[in-house]
Amino acid sequence: MTSGTKRTTPPAWRDPFVWRMAWRDSRSSRGRLMFFALAMLVGVAAIAGVTAFGDNLRQAVLDQSRSLLGADLVITSRRPFTDQQVKIFQSFKGEMSEGASLSAMIYFPKSNDGRLIQLRAVPDVFPYYGDFTTEPPTAKDTFRRGGVLVEESLLAQYDAKVGDTVKLGNWTGVIAGKLQKVPGENIAFGTIAPRVYISVEDLQHTRLLRPESLARFRVSFRFPDTVNVDDLMEQVKPELVAMRLNVETVKERREELGQRMTNLYNFLNLSGFIALLLGGIAVGTALQLHIRQKLATVATLRCLGVEANRTMAIYLVQAMVIGLVCAFGGALAGVLVQRALPDVMRDFLPFAVEFSFSWRALLQAALFGLAFCGLFALLPLLPVRDIPPLAALRRNWEDTPKRLTKAQFIVVLLLGAGIIAFSVSQSHDWRVGLGMAGGLSIAIGLLALVAQGLRQSARKLARISLPFVWRQGLASLHRPNNRTLILLLSLGLGAFLLLTLRLTEHSLLHGLLPQNETNRPNAILFDIQSDQRAGVQEILEKQGLKVMQQVPVVNMRLQTLKGTAVDAILKDEDSEIPRWTLRREYRCTFRNTLGDSEELLEGVWPPAEFDATGTIPVSMEEGIVKDLQVKLGDELIFDVQGIPMTTKVVALRKVDWRRLEPNFFVVFPNGVLEDAPGFYITATFVATPQISAQMQREVLQKYANVSIIDLTLVLHTLDDIFTKVSSVIRFMSLFTVATGIIVLAGTLLAARFQRVRESVLLRTLGASRQQVQQIQFVEYLCLGGLAALAACFLALMANAALAFWVFKMTWVVDWLSVGLTLVALPSLTIIIGWLTNRGVANHPPLEILRAEA
Amino acid sequence: MSAILETKQLAKEFHGGGHTLTVLQDLTFSLAAGATCAIVGPSGSGKTTLLGLCAGLDQPTRGSVLLAGHDLGKLSEDERARVRRDHVGFVFQSFQLIPTLTALENVMVPKELAGEGQVHGLAVELLTKVGLKDRLHHYPTQLSGGEQQRVALARAFINRPQILFADEPTGNLDGETSDRIVSMLFELNEAAGTALVLVTHNLELAQRAQTTIRLRNGRRVEE
């Protein structure tokens, strides 16, 4: 058909009419569309910021890799280095210095208080690369001459100042400064046992280092540039590993740190990703609502002779302009996120992260944003082609929802592929990427399922004889073109993430807390020497504290496993037995009973026939048995300070490790280890922090070597860590919540016309202004309530799953937080609903209809 | 004079729920260029369906429509759209102005659609002719029903269509305004030599057309 046509139509994208119409048609909707677009902008900003920050992070690891280890090579051991080992070290021909670290008690005479710390003794020359960050800055040098560097949080806890004295074992030192940063370590996890640095010389004066101490010995090396450390280690590492030495090079530290940073980055990325997806959904929703209001315009244009694809092109142009604004505006806003992240993550970063523009990251986020915007927009735009010109004549023509068309199905497939491609490109490991996309799909799928279930329930509820306003409000949740799903997704995801975090925090803390159980210990005293046993017991009893357990501990190493020498297994690169299970010092006890936190799984304990000669029957914990790949009847030889002891596994135990009680991988029967050198652990229950402090003071003053773990302190530090972790998660969840709120406000704003028509109709039929407002209130209450219910349901399920399978603890629910969510989310929805729809019920119906048309 | 519109054995059926609903049956008629025709009948008699089929807004179940020399049945939807763009004008009962466009822009749309520039003067001229010289930059919501329909008339004639379809053009207007619009419609029609197909309930209006097609239950009936 060409005859009679006056011109050939140019491609839609080059057709000035399409661009002109797109601009004119957007007049009444620009504000509304851009408001929705804000959600996409926030999403792009989050992902741009996170990706750019990730680039900065990787650059920082590369730039600072030497200072991350403080040396070119570090070798550590649980035992003092032997002469043979030292000879090997000397053969490396590098500069070398020795240090050590151990758990010990610090005592603050000024406050007459003390606690368990990580004591680190460093040689004068360490670190070879990088430096300690201290306050005052000179303290990084002055502490090496009879001084102590103490972590800032510890000083705050005991109200101590620089210049005060502290006692470590038998030695008293002066606090030279506050420790702010240690090369290659982060602050957040230092709080479990705060770090205290002294010089190697001063460690001798403390007399804390004894053969049976739980210490780690360390030798650091610096090599001239001509030495290739990795090549050197390739040759000697097997020999060192066989000697149960732990070797770490700059390259290994960089890889390990890179892995840790990747995990951190993955978490940030996931939050940004959710925000971006929600933004995409917001744009899709905005356009769907936009098109719904443009039905008459589309039909008229079709009557006037605009082809189907050109009509769609008008709205696609609008969508792409929104996409461009979101993508590039979001990328620019991402710079602000990138700037903020190093501060938010300060406690988790073991190094300084320099800010630098990552054009690659910003451009990548912008392009992904644009692509997502386009794909999400196509879904509601494709049906524009199917709006018949007849709709201009038939006012009752309805755009009834149909099944996905072929074109829409292709777009859905592209969207799925895009999401996977995006996850994979962001994750640096395709499995993590797939996992992220899969996990998110499951969460969204579950939320959608919950939404569907709740909508059906609302439908049933609306049928029963409820008051008029309630029936109207409930009906809005399942009527055609409802926004229940999108609102549940956007609000639900944000609330679900935040609540899961809070519930998990509560479960963990609750699981560790002995709930007023005075029969369970909450303080452990360890490193008690044989001759100190009676004295410690006397101090406890004098204070009215009951000695609940007094357990002997003997250190030993695994020498032979099922007839094969451990050194040989360590050299065998094909062995699947975890190295740490072979290298570690086994701290074992002896008794003929099962502990309160133990359960016998297989075998017999105590062994029936054992006369303290020949092969020694032992009981082992189920986890270590799996790791070592042993079973009942297998033989293991332990080296107990030079004496080999042949043992046979006769019992398998399950141990509840969550209980703060002395628990062991390997338990010997009575009559074997009584004379072996070791120490004792004593467990007791202290009712109040004051009693605990008093007990610790007295023990510490008399026995400086005895260390004490106080559960209340552990809980306090755990709480600190949770607060730090939570602040990061909350920061990233902000993006999800922000997009959720924008989607909520935008959806309500976009549906305002529909709401206005309804309220006008209701008012025409005689409904009062108050009734109209009440109906809206019920609707928002239901929407917010359903989102809160869905979020709580999913968070409780996630919390239960985490409790059962990850933390293996009793599922404890923080009903207060659940209740708060159930109140806060509907309140937020009602407030936003009220803000977006205020005035609707106040104006004369005609005026509103004219204004909104 | 040659026919601008010709229908042969035109029929339209709707299928649903296992039933077939015949809306229009065996309708054959033709309209000469510049002639006027009114389609009348009670509600549900098939008037609007017939208009939609004649204008190429819908496809018949059987029969054919020849519009401005084009057999609409042989054209794709986009090709029919081009026929409408180049030869047809519309006036609707509910005006169907694009709410985001001013009166002037609404009138310019068909010309712009055809890729023609310099349409501003013509659009102003037409709007002046329908008495809306002072309302050029008003949006539809700022105009009364009668004013909106006058804008629609101006839009319908800007392309100098060979045929104009009007669906109840006065259905939403009061008596006095209706009279003004109808007069204007016929004056413009005569001046431009445009054929007019008019769907109406208003017998007085129908009598102003040269021919009348009366429909009942989808069939043409004689008076």
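The values are calculated or read from the model by the stated rules, or taken from the named source; none is laboratory data. Everything quoted here is computed from the prediction, not taken from an experiment. Here the Cβ positions follow ideal geometry from the backbone for every residue, glycine too, while neighbour counts run over all protein chains shown. All accessible areas refer to the heavy atoms of the entire protein, side chains included, with ligands and DNA or RNA removed. Shrake-Rupley method; radii C 1.70, N 1.55, O 1.52, S 1.80 Å.
Take each peptide in B:97-108, A:813-824, A:290-301, count the other Cβ atoms within 10 Å of every residue, and average; sorted highest first, the result is B:97-108, A:290-301, A:813-824.
Using a probe radius of 1.4 angstrom, the carbon and sulfur fraction of the accessible surface of the stretch A:547-684 is 47%. Mean per-residue shielding of peptide B:84-97 is 5, counting Cβ atoms of other chains within 10 Å of each Cβ. Each peptide among A:37-46, A:356-365, A:307-316 gets the average number of other Cβ atoms lying within 10 Å of its residues, and from highest to lowest they stand as A:37-46, A:307-316, A:356-365.
In the stretch A:291-321, burial by the other protein chains removes 30 Å² or more of accessible area from A:Thr297, A:Thr300, A:Arg302, A:Cys303, A:Leu304, A:Gly305, A:Glu307, compared with the chain on its own (1.4 Å probe, ligands and nucleic acids ignored). Think of a 1.4 Å ball rolled over the protein heavy atoms: the stretch A:547-684 then has 45 Å² of accessible area per residue. Need the list of lysines near A:Lys294 for cross-linking: C-alpha distance under 29 angstrom, and skip anything on the same chain fewer than eight residues off. Within the straight-line limit of under 29 Å, A:Lys294 reaches these lysines: A:Lys6, A:Lys402, A:Lys406, B:Lys12, B:Lys47, B:Lys111, B:Lys133. Across the stretch A:228-242, rounded Karplus estimates of 3J(HN,Hα) from the backbone phi angles (6.51 cos²θ - 1.76 cosθ + 1.60, θ = phi - 60°) give 8, 4, 5, 5, 4, 5, 4, 6, 9, 4, x, 5, 5, 5, 4 Hz, Gly and Pro being marked x. Three principal axis extents of chain B based on alpha-carbon atoms, in descending order, are 52, 42, 38 Å.
Rounded to whole numbers, the Karplus 3J(HN,Hα) couplings from phi for the stretch A:442-450 are 5, 4, 5, x, 5, 4, 5, 4, 4 Hz, using 6.51 cos²θ - 1.76 cosθ + 1.60 with θ = phi - 60°, and x at Gly and Pro. Counting only heavy atoms of the protein chains, get the accessible area per residue of the stretch B:3-221 (1.4 Å probe) and round it to a whole Å² value. Counting only protein heavy atoms, the per-residue value for the stretch B:3-221 is 39 Å². Using only Cα atoms, locate the centre of the stretch A:606-647 and the centre of the stretch B:62-101, then give the distance between them in Å, rounded to an integer. That distance is 93 Å. Here is the interface size for A with B: some 3500 Å² of accessible area buried, both sides summed, with a 1.4 Å probe.
Taken over the alpha carbons of the stretch A:24-91 as equal point scatterers, the Debye sum produces base-10 log I(q)/I(0) values at 0.18 Å⁻¹ of -0.85. Shielding by partners for peptide B:51-58, expressed as the average number of C-beta atoms from other protein chains within 10 Å of each residue's C-beta, is 4. Beta bridges from DSSP with both residues in the protein assembly as shown: antiparallel share about 75 percent, rounded to the nearest 5.
Bridgeable aspartates and glutamates around A:Lys181 (alpha carbons under 15 Å apart, same-chain partners fewer than 8 residues away excluded): A:Asp131, A:Glu135, A:Asp141, A:Glu151, A:Glu152, A:Asp343, A:Asp347. The relative contact order of the stretch B:3-221 comes to 31 percent, based on Cα pairs under 8 Å that sit 6 or more residues apart. If R0 is 56 Å, the Cβ-Cβ spacing of A:Glu201 and A:Arg591 corresponds to a FRET efficiency of close to 0.85. Protection proxy ranking of A:19-29, B:147-157, by the mean of other Cβ atoms within 10 Å over each peptide's residues and highest first, is B:147-157, A:19-29. Note on the stretch B:107-199: with neighbouring protein chains present and a 1.4 Å probe, carbon and sulfur make up 44 percent of its accessible heavy-atom surface.
Backbone phi angles across the stretch B:192-198, fed through the Karplus curve with coefficients 6.51, -1.76 and 1.60 (θ = phi - 60°), yield HN-Hα couplings of 8, x, 8, 6, 10, 10, 10 Hz in residue order; Gly and Pro are listed as x.
The residues of the stretch A:99-205 expose on average 36 square angstrom of accessible surface per residue, using a 1.4 Å probe on protein heavy atoms. Taking all protein chains together and a 1.4 Å probe, the residues A:His205, B:His137, B:His70 rank B:His137, A:His205, B:His70 from largest to smallest accessible area. Summarising the amide proton neighbourhood of A:Gln559: residues at separation of 5 or more, or on other chains, whose placed amide H is nearer than 5 Å comprise A:Ile637, A:Phe638, A:Asp639.
Per-residue shielding of B:111-118, expressed as the average number of other chain Cβ atoms within 10 Å of the residue Cβ, stands at 4. Placing a pseudo-label 7 Å from each Cα along the Cα-to-Cβ vector at A:Gln84 and B:Asn217 gives an inter-label distance of 11.3 nm. For the protein assembly as shown, list log₁₀ I(q)/I(0) at each q in 0.04, 0.06 Å⁻¹, using the Debye formula over Cα point scatterers of equal strength and ignoring solvent, two decimals each. Scattering profile of the protein assembly as shown, log10 relative to I(0): -0.35, -0.66. Cross-link pairs exceeding 20 Å between alpha carbons, from the set A:Lys178/A:Lys251; A:Lys110/A:Lys542; A:Lys542/A:Lys702: A:Lys178/A:Lys251; A:Lys110/A:Lys542. The fraction of accessible area contributed by carbon and sulfur in the stretch A:228-336 is 61 percent, rounded to a whole number (1.4 Å probe; ligands and nucleic acids excluded).
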